[in-house]
Amino acid sequence: MGIYILRRLLIAVPSLLGISLVLFTVLALAPGDPFEELATNPNVPPEVRMALRASLGLDDPVWQRYLHWLTSMLKGEWGFSFISRIDVDTLIWDRIPVTIAVIGLSQLVALAIALPVGILAAVKPYSWFDRIASTFAFIGFSLPTFFTGILFILFFSIHLGWFPFVFQSEVSATGWAWWVVQFKQSIMPIMVLGLFQAASWMRYVRSSVLDVIRLDYVTTARSKGLTERVVVLKHAVRNALIPVVTLVMLQLPGVFGGAIVTEQIFRVPGIGSLLIDSILRNDTPVIMAVTFVLACLVVLFNLVADILYGWLDPRISYT
Amino acid sequence: MKEHQIRALIEEVREGRLPRRGFIQRMVGLGLTAPMASMMLVHSGVQAQAAMPAYKPTKRGGGGTLKLLWWQGPVLLNPHFATGTKEQEGSRIFYEPLAAWDADGNLVPVLAAEVPTRDNGGLSADGRSVTWKLKRGVTWHDGQAFDADDVVFNWEYNKDPATSTSWISTYRDIQVTKVDSHTVRVVFPKPTPFWAEPFVGTVGMLIPEHVFRPFMGAKSREAPANTKPVGTGAYKIVDFKPGDLVLAEANPNYHVANRPYFDRLEMKGGGDATSAARAVLQTGEYDFAWNLQVADDILKGLESGGKGKVTIVSGGNIEFIMLNVTDPWNEVDGERGSAKSRHPAFSDKAVRDAMALLVDRKGVQDFIYGRTGIATANFLNNPSRFRSNNLKFEFNVDKANQILDAAGWARGSDGIRAKGGVKLKFVYQTSVNKPRQDTQAIVKSACQKAGIDLELKSVTAAVFFGGDVANPDTYTKFWSDIQMYTTTMTQPDPQLFMEQYCSWEFAQKENKWAKRNILRWKNDEYDKAHTAAQSELDPVKRAALFIRMNDLIGESNHIVPVVFRPRVSAAGVKLAAPLSGWDNDMWALPHWYKDA
């Protein structure tokens, strides 16, 4: 087991290097300039902009910039944003709590909906419950979040006036009032993301439970006289969950990466909005850091998923 | 307009026959800036009653929280590092300049005790120095006193290339000395008619010496105060989250009595312009939203709820079309668009005149921009036309046809005009932006009726305005026949702005297209006028020179102005928020209040 993990980690090194190289090259080749706004201001002479570019090393050859980035990254220096001149790790740490709270909760909501609904739908396939649930699931994952987000805003914020549609990262209230404000401002983004995710997960849960529920060992369990509840939860669902676990595990890095569209619509100051702002301003160090951390997390969670398989299904071994 | 005509107008203002504002508007119509026009009046002894706008509250505080919505939030709060207006606005909450520009272009003292004039001894006769008297009793947010050393320090900070601030060109060549604890003298290397630039407005916000001194030069990035500002402003920092939130509270020791009105201030960033307009105009969740580049009919719809109003402030942003002087398609000396080449069709004035007649500015305003883009016959207006206040936009396909017929451009079998093997087929480029593509379509359809074929091209803004020397599609290369974008003329003095048509500013290969004469237009009289204006101390003579330059470039019809782009923002109905097109939106923030 230990050797297996070590081997996987060693394999991860070249692939991460490759990812970083590709990311860096693509970003370097992409057009744009962090000082674009100075360009159309005739009051700022072009040589000022050129000097700023030179001071940040933007005029060096790409390979030189990449090596520079790589060596400082290995030393644990993430660099600083071209625009704000703030250290990249500070920028990212600032955004993590909100991201995890909003995006993480939406994933929990998605699981809380997808698991029971999916299992119930699979236990009684093609019943009324199944049909209604499936219809909603189809609607859910065919509607993009930017559409449902705006729909929610129009209905709940403007028509009913229940919730604010601008997210506040600093809430001045304390005690119960703080929770109320947080709830009111978070519920819309959480539900938009959660319902979207739940819709597709529910389909997965349903089909994988459906796969096992007709197998012989489930029939055996039933004929032993076990209650339906025990049969479904202990025998069928546990086995059916293996593919679902993979899916959820691969989704977890996304919690860190945030949800660009939803964060923009509700002005949630998460990693996603940091990423899109940096892309719009050609702020390479921030884009590099966020995407690279995401790449690392994807590799890591892949490994975690593989290890979890062994625990869920003892037939899989790692020798 | 000639020098003597301007003098006559100034006399009219002095005698009260012409309102001050009328004079300034007329000068702006001639292509000058409002600050320049108001400086002319001051120089001629017509003093302005420049004061901050009316303020009703009778005590400090009690106004609750002022909620500002910036759809792109500031990411740093050091005014000298500001690369865009969002950072300038964010910094302006905390920092103040010696003086600011109001909506009419008047200079209003902020940290200065008075505006320097010849009468009060602030301006020297040779135009080489300005003496600023500083306001006494001003303290920084940390309690230290503000004095002349701070002003001198800001000069040292900005002129050091290692600090790499955005305003180095303003401070690089001047000398600043302390006269006494509350007086500083700015000395210019040569007679400088427009002296009100260093320490004034956007480029002049002052940072404290005792906080920033240890972080000058290469260490400038490490200053903790880059995100925790210590200024003299009416609000003090509470918390700052880059790109997301600026929280501030009233400064109890602010140097103007009874101000500010609001106890707390919050500037939220992120999202998009349309929903920002919605949050102010429709739901009233926020008090003020900035830079609303939103279609006017949407704004009107949101406004109809009565919770907020759209504020339109005219500055000097102009959307305009350029007709290339050089040949963008063939290389001369290994360079496309070489300054040595001539454009095959646009070198004929008849074609340029026809093109100017084929731009339906009124249509562009009515169908595309609405209140957010005001058709302009010319920012280089014909004076008599302007005086009659009867702006007519010549949009005349028949006349264009006549001009082209007369010049010998005959229609071919495909309906496209040609002469001597040159066809009137042009590539018309601009950045990707819905109103710009709509404008392109309007111009194209008019040109079709006149036998001119336009191929429309749109380039992503990041490429078009980007600084990539290797990319052929940047606006500074101008490798197409026609291009269109907005140029900003918000800076108070037109000298730098007008330099973009001087022959020594050609953007070409040898300077990596990093200079400003993108059009590569050359006119000896223009060059001479500009050189003369650089050292002309009499503001009236100087204004006449700039007007002449405007006429020269305007009459050439190599540039065709389309619409003025005023600054659009939204404010709650009760909020009194004076704005200025010549300074930041936050220039008068301490004086904002809400009507009960």
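The values are calculated or read from the model by the stated rules, or taken from the named source; none is laboratory data. Being a predicted model, the structure only gives us computed values, none of them experimental. Note: ideal-geometry Cβ built from the backbone for every residue, glycine included; neighbour counts use all protein chains shown.
Quick check on my filter: what residues within segment A:143-186 are assigned to a loop (DSSP other than H, G, I, E, B), away from chain B (no Cβ under 12 Å) and in contact (Cβ under 8 Å) with a residue 40 or more places away in the chain?
Our first condition is that a residue be assigned to a loop (DSSP other than H, G, I, E, B); within segment A:143-186, this holds for A:143-144, A:160-174.
Next, from what is left, pick out any that are away from chain B (no Cβ under 12 Å): A:143-144, A:173-174.
Result: A:143, A:144.
Could you check segment B:500-518 and list, in sequence order, the residues that are within 28 Å of residue B:128 (Cβ to Cβ) and away from chain A (no Cβ under 14 Å)? Before you say what the answer is, go through the steps one by one.
So in segment B:500-518, the residues within 28 Å of residue B:128 (Cβ to Cβ) come out as B:500-505, B:515-516.
Selection gives B:503 alone.
Which ones in segment A:229-258 are among the charged types (D, E, K, R) and either in contact (Cβ under 8 Å) with a residue 40 or more places away in the chain or not in a helix (DSSP H, G or I) (or both)? Please lay out each step first, then the result.
Within segment A:229-258, the subset among the charged types (D, E, K, R) is A:229, A:234, A:238.
Passing the criteria: only A:238.
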Residue under evaluation residue A:126, criteria (1) surrounded by 20 or more Cβ atoms within 10 Å (Cβ to Cβ); (2) without any contact (Cβ under 8 Å) to a residue 24 or more places away in the chain, criterion not met: (1)
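Is at least one residue of segment A:99-120 within 14 Å of chain B (Cβ to nearest Cβ) and at pLDDT 85 or above?
From segment A:99-120, those within 14 Å of chain B (Cβ to nearest Cβ) are A:99, A:102; that's our starting set.
Retained after the next criterion (residues that are at pLDDT 85 or above): A:99, A:102.
Scanning segment A:99-120, I find at least one residue that is within 14 Å of chain B (Cβ to nearest Cβ) and at pLDDT 85 or above, so the answer is yes.
So if I check each of B:146, B:194, which one is within 14 Å of chain A (Cβ to nearest Cβ), among the aromatic types (Phe, Trp, Tyr) and more than 17 Å from residue B:78 (Cβ to Cβ)?
Numbers: B:146 fails: within 14 Å of chain A (Cβ to nearest Cβ).
Testing whether each residue is within 14 Å of chain A (Cβ to nearest Cβ), among the aromatic types (Phe, Trp, Tyr) and more than 17 Å from residue B:78 (Cβ to Cβ) leaves just B:194.
Only one of B:99, B:113, B:125 is under 26 Å from the mean Cα position of the chain (by Cα) and away from chain A (no Cβ under 14 Å); which?
Working: B:113 fails: under 26 Å from the mean Cα position of the chain (by Cα); B:125 fails: under 26 Å from the mean Cα position of the chain (by Cα).
B:99 is the lone residue from the list that is under 26 Å from the mean Cα position of the chain (by Cα) and away from chain A (no Cβ under 14 Å).
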- line: Pairing a residue in segment B:214-236 that is within 14 Å of chain A (Cβ to nearest Cβ) and surrounded by fewer than 18 Cβ atoms within 10 Å (Cβ to Cβ) with any residue that is in a helix (DSSP H, G or I) and at pLDDT 90 or above, where Cβ atoms lie under 7 Å and the two sit 6 or more apart in sequence or on different chains, gives B:222/B:215
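With B:496, B:537, B:519, B:579 as the choices, which residue is under 30 Å from residue B:311 (Cα atoms) and part of a loop (DSSP other than H, G, I, E, B)?
Numbers: B:496 fails: part of a loop (DSSP other than H, G, I, E, B); B:537 fails: under 30 Å from residue B:311 (Cα atoms); B:519 fails: under 30 Å from residue B:311 (Cα atoms).
Just one listed residue meets the conditions, B:579.
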- prompt: Restricted to segment B:438-479, and to residues that are closer than 30 Å to residue B:408 by Cβ and charged (D, E, K, R), which residue is farthest from the other protein chains (Cβ to nearest Cβ)?
  reply: B:449
task: Select from segment B:316-351 the residues that are under 27 Å from the mean Cα position of the chain (by Cα) and not acidic (Asp, Glu) and list them in ascending order.
output: B:316, B:317, B:318, B:320, B:321, B:322, B:323, B:324, B:325
statement: Counting only helices (runs of 4 or more DSSP H) entirely within segment A:13-131, those with at least 2 residues that are of a type in the set (Phe, Trp, Tyr) are A:62-74
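Specify which of the listed residues (B:265, B:292, B:245) is touching a Ser or Thr at 6+ places or on another chain (Cβ under 8 Å), more than 11 Å from chain A (Cβ to nearest Cβ), aliphatic (A, V, I, L, M) and under 22 Å from residue B:229 (Cβ atoms). Explain how you work it out, then say what you get.
Details: B:292 fails: under 22 Å from residue B:229 (Cβ atoms); B:245 fails: more than 11 Å from chain A (Cβ to nearest Cβ).
Only one candidate qualifies: B:265.
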- line: The lone condition residue B:72 fails out of (1) more than 14 Å from every other protein chain (Cβ to nearest Cβ); (2) at pLDDT 80 or above is (1)
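Each row is one residue, and each column tells you yes or no for (1) within 14 Å of chain B (Cβ to nearest Cβ); (2) modelled with pLDDT of 75 or more.
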position	(1), (2)
A:19	no, yes
A:40	yes, no
A:61	yes, yes
A:64	no, yes
A:73	no, yes
- request: Considering every residue within segment B:519-535, establish whether at least one is touching a residue at least 12 places away in the same chain (Cβ under 8 Å), touching a Lys or Arg at 6+ places or on another chain (Cβ under 6 Å), buried (at least 19 other Cβ atoms within 10 Å of the Cβ) and more than 14 Å from chain A (Cβ to nearest Cβ).
  value: yes
